[in-house]
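Take this structure, written in structure tokens, and hold onto it; I'll ask about it next.
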Amino acid sequence: MRKSIATVSVSGTLPEKLEAIAAAGFDGVEIFENDLLACPLSPEEIRARAADLGLGIDLYQPFRDFEAVPAELLARNLRRAERKFQVMERLGADLLLVCSNVSPAAIGDDELAAEQLGLLAERAAEHGVRVAYEALAWGRHVNEYLHAWRVVRMAGHANLGTCLDSFHILSRGSDPIGIEAVPGEKIFFLQLADAPLLAMDVLQWSRHYRCFPGQGNFDLAGLTASVLRTGYAGPLSLEVFNDVFRQASAERTALDGMRSLIALEQRLGSAARPAVSAGPGAPPAPAAPAAPPAPTGFAFVELADGGELGEVLSVLGFARAGTHPTKPVELWAQGGARLLLNATGTEPALIAIGLDGPDPAGAARHAESLLAPVLPRERAPEEVKLEAVAAPDGTEIFFCDDAWLADFAPAEPVPDPESVPEPVPRPVPRLVTGVDHVALAQPWHYFDEAALFYRSVLGLRPQESLELPDPYGLLRSRAMSNDDGSVRMVLNLAQVGSAGIAWQHVALACADVVAAARRLRSEHPRLLLPIPDNYYDDLEARHEVDPELRRLGVLYDRDEHGEFLHCYTVTVGRVFFELVQRVGGYQGYGAGNAPIRLAVQHAEGHRTSG
């Protein structure tokens, strides 16, 4: 389907916005009036610029506070409308968005509203313009989409239809099934925006917290399917008001918006095809490609290493299992957990994730269809071909099967004594069974983009976004997983005051965290993060737990499904490790303990730097 976006959705001047929108592959734009008013170019020049970029001007908006007003105000509103029609003719735009009236002067009289909107549509027709009437969620008298449709139907003018906006419909809890009662030819335009579920004034919610489809909590696929079943064949258009988007790169934001519409079409499947026939004998439109299955597990996690991490992994029970023949990369393994150490000479950081799946090539094609940047990879002829894309924060995502292990020659059975510190650390028992989850730090303006990437490209299901107290601000966190929990990722965003925290961590599934912590505390007491006694005073007041947890620094959580025991290592570079044990069907990540961990990490960092 044709794809459009409102210029208010991205940052920059109007020419900059048009360039970014065209580069992302959109077919058209909604020109937001404020963008035009602040632009030194004439409407004719904007029209030419858009045409040169291959963009149609699908809508001009907004025209406010028009209908259901006293006669003297109507006269002024019609004069105002005439000037807008003239501007639209110069722009080459033939559809005007009229928002339902919010003015105290508005009269609650549907017949009057219909009469005046019909008059506006008659004047618009003289300029070759149609009018799309939209119910604002905070409209004074018309604030429901079916109410707006009743007014449009009452007016009965060919040049008057309705505009459906997903935010205005879903933010009020309205059932979108009623859309199917509206004839498709009278739905002149469809605007799409997602949003997190927030308990706040709907106007402020709309003006600051809208986001692209797939980044929030609304069922946009269900609403859009209802619209398409009416026979609507117009654009899918994004209209997003978001404080972060207004400050972020216009190019990245526009590309993310396009990704959200492609992913929405894929979720809709054949429903996203135009409802109208292409003509007798024409072949049917192809169905949207089905997304490949979600990943089935972690193949590996790759860490940049300046030489510090090998000893940590050895203490945690890992063994060096192989070396790459052409790259400075070592394979360390324990149970089902495989970690790659890349001797880049930089500070330790998580740089890549390998994901198992039944169809790596199909997963890579799916990622590319969603505009994920494909990463070139140099390899020797005998090395396994691996497909990889870049996540928004630069983390490399590899699509794998077990063939990649053939690239690693078995490690030497006896290490070089000159390269091993004395005494050689005694490892903990082999208790790690696999990778439970990874936590990735996101730049502040990439958080929603990353959530959409992992949801649409990898097929992970997002959980609720949390805000966790940090000593210097808030940590925004959102977990995502596949259906059976074999792939779990946590996206973290340090907000105001956290001084650019970019900690990443690998959580290792463990058969017995208490036993592992007991051994580590005994033989490597400085490796595990110390937890304050005050935490355990509170924990023991709330739950009956083993008193040994206090001595060992093991944290505890529970939910209705089971229990969670976990402990953390100190941070090395940007990376730390977590040992986790899920008892029963525990579903969470110990988020209630995160403020304790953050406070201790800050304190430890200050002591180290001091």
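Quick one: D175 ticks every box in (1) under 22 Å from R80 (Cα atoms); (2) free of Cβ contacts under 8 Å to residues at least 40 places away in the same chain except a single one, so which number is it?
Checking D175 against (1) under 22 Å from R80 (Cα atoms); (2) free of Cβ contacts under 8 Å to residues at least 40 places away in the same chain, the one that fails is (1).
Just to be sure before I move on: is A254 within 23 Å of E180 (Cα to Cα), at pLDDT 95 or above, out of contact with any strand residue (DSSP E or B) (no Cβ under 6 Å at 6 or more places or on another chain) and not aromatic (F, W, Y) in the structure I sent?
no
Any idea which residue in the range 44-80 is surrounded by the most Cβ atoms within 10 Å (Cβ to Cβ), counting only those that are aliphatic (A, V, I, L, M) and farther than 17 Å from A106 by Cα?
Just the residues of the range 44-80 that are aliphatic (A, V, I, L, M), to begin with: 46, 48, 50-51, 53, 55, 57, 59, 68-69, 71, 73-75, 78.
Subset that is farther than 17 Å from A106 by Cα: 46, 48, 50-51, 53, 55, 57, 59.
Details: I46: 23, A48: 13, A50: 23, A51: 12, L53: 16, L55: 20, I57: 23, L59: 29.
Among residues in the range 44-80 that are aliphatic (A, V, I, L, M) and farther than 17 Å from A106 by Cα, the one surrounded by the most Cβ atoms within 10 Å (Cβ to Cβ) is L59.
Which one of the conditions (1) in contact (Cβ under 8 Å) with a residue 40 or more places away in the chain; (2) open to solvent by less than 10 Å² (accessible area, probe 1.4 Å) does L96 fail to meet, given that it meets all the rest?
(1)
Condition check: under 33 Å from the mean Cα position of the chain (by Cα), without any contact (Cβ under 8 Å) to a residue 60 or more places away in the chain and more than 15 Å from Q61 (Cα to Cα). Does L146 satisfy that?
yes
Residues that are modelled with pLDDT of 95 or more and within 25 Å of the chain's Cα centre (by Cα): find the helices (runs of 4 or more DSSP H) completely inside the range 1-82 holding 1 or more of those. It would help to see each step written out before you state the result.
Values: elements: 14-23, 33-37, 43-52.
In the range 1-82, 14-23 are the helices (runs of 4 or more DSSP H) which contain 1 or more residues that are modelled with pLDDT of 95 or more and within 25 Å of the chain's Cα centre (by Cα).
Do you know which of the residues in the range 99-112 that are under 38 Å from the mean Cα position of the chain (by Cα) and not β-branched (V, I, T) is surrounded by the most Cβ atoms within 10 Å (Cβ to Cβ)?
As a first pass, look at the range 99-112 and keep what is under 38 Å from the mean Cα position of the chain (by Cα): 99-103.
Among the residues that remain, those that are also not β-branched (V, I, T) are: 99-101, 103.
Values: C99: 24, S100: 28, N101: 24, S103: 12.
Of everything passing the filter in the range 99-112, S100 is surrounded by the most Cβ atoms within 10 Å (Cβ to Cβ).
May I ask you to verify whether H602 is open to solvent by less than 50 Å² (accessible area, probe 1.4 Å) and either part of a helix (DSSP H, G or I) or among the aliphatic types (A, V, I, L, M) (or both)?
Values: open to solvent by less than 50 Å² (accessible area, probe 1.4 Å): yes; either part of a helix (DSSP H, G or I) or among the aliphatic types (A, V, I, L, M) (or both): yes.
Considered against the rule, which asks whether it is open to solvent by less than 50 Å² (accessible area, probe 1.4 Å) and either part of a helix (DSSP H, G or I) or among the aliphatic types (A, V, I, L, M) (or both), H602 comes out as yes.
Related question: Just to verify a result, which residue in the range 83-123, among those that are polar (S, T, N, Q) and outside any loop (DSSP other than H, G, I, E, B), is farthest from E30 (Cα to Cα)?
Q116
Right, next: Does D356 satisfy being crowded, with 17+ Cβ neighbours inside 10 Å, farther than 20 Å from H505 by Cβ and either charged (D, E, K, R) or in contact with a His (Cβ under 9 Å, 6 or more places away or on another chain) (or both)? Break it down stepwise before answering.
Working: crowded, with 17+ Cβ neighbours inside 10 Å: yes; farther than 20 Å from H505 by Cβ: yes; either charged (D, E, K, R) or in contact with a His (Cβ under 9 Å, 6 or more places away or on another chain) (or both): yes.
Here the answer is yes, as D356 does meet what is asked.
Just to be sure before I move on: is L136 part of a strand (DSSP E or B), without any contact (Cβ under 8 Å) to a residue 60 or more places away in the chain, of a type outside the set (S, T, Y) and closer than 21 Å to F241 by Cα in the structure I sent? Give the derivation first.
On the way: part of a strand (DSSP E or B): no; without any contact (Cβ under 8 Å) to a residue 60 or more places away in the chain: yes; of a type outside the set (S, T, Y): yes; closer than 21 Å to F241 by Cα: yes.
When the stated conditions are applied, L136 does not pass them.
Somewhere in the range 538-560, is a residue over 26 Å from the mean Cα position of the chain (by Cα) and in contact (Cβ under 8 Å) with a residue 60 or more places away in the chain?
Looking for residues that are over 26 Å from the mean Cα position of the chain (by Cα) and in contact (Cβ under 8 Å) with a residue 60 or more places away in the chain, one finds none in the range 538-560, hence no.
How many residues does the range 541-556 hold that are surrounded by fewer than 21 Cβ atoms within 10 Å (Cβ to Cβ), part of a loop (DSSP other than H, G, I, E, B) and of a type in the set (A, V, I, L, M)?
1
Which residue pairs have Cβ atoms closer than 9 Å, lie 6 or more positions apart in sequence or on different chains, and pair a first residue in the range 380-400 that is free of Cβ contacts under 8 Å to residues at least 12 places away in the same chain and closer than 16 Å to P358 by Cα with a second residue that is of a type in the set (K, R) and in a loop (DSSP other than H, G, I, E, B)?
If the second residue must be of a type in the set (K, R) and in a loop (DSSP other than H, G, I, E, B), the pairs left are K385/R377; K385/R379.
Further question: Within the range 314-354, take every residue that is in a strand (DSSP E or B) and over 33 Å from the mean Cα position of the chain (by Cα) and give me the one that is farthest from A390 (Cα to Cα). Break it down stepwise before answering.
If we filter the range 314-354 for residues that are in a strand (DSSP E or B), which is where we start, we get 319-323, 329-334, 337-342, 349-354.
After this cut, where a residue has to be over 33 Å from the mean Cα position of the chain (by Cα) as well, the list is 319-323.
Values: A319: 29, R320: 27, A321: 27, G322: 26, T323: 24 Å.
Only one residue tops the list, namely A319.
The values are calculated or read from the model by the stated rules, or taken from the named source; none is laboratory data. Please read these numbers as outputs of a predicted model, since none were measured by experiment. Note that each Cβ is placed from the backbone with ideal geometry, even for glycine, and that neighbours are counted across all protein chains shown. Please note that ligands, DNA and RNA were not included when accessible areas were found on the heavy atoms of the full protein model with its side chains. Shrake-Rupley method; radii C 1.70, N 1.55, O 1.52, S 1.80 Å.
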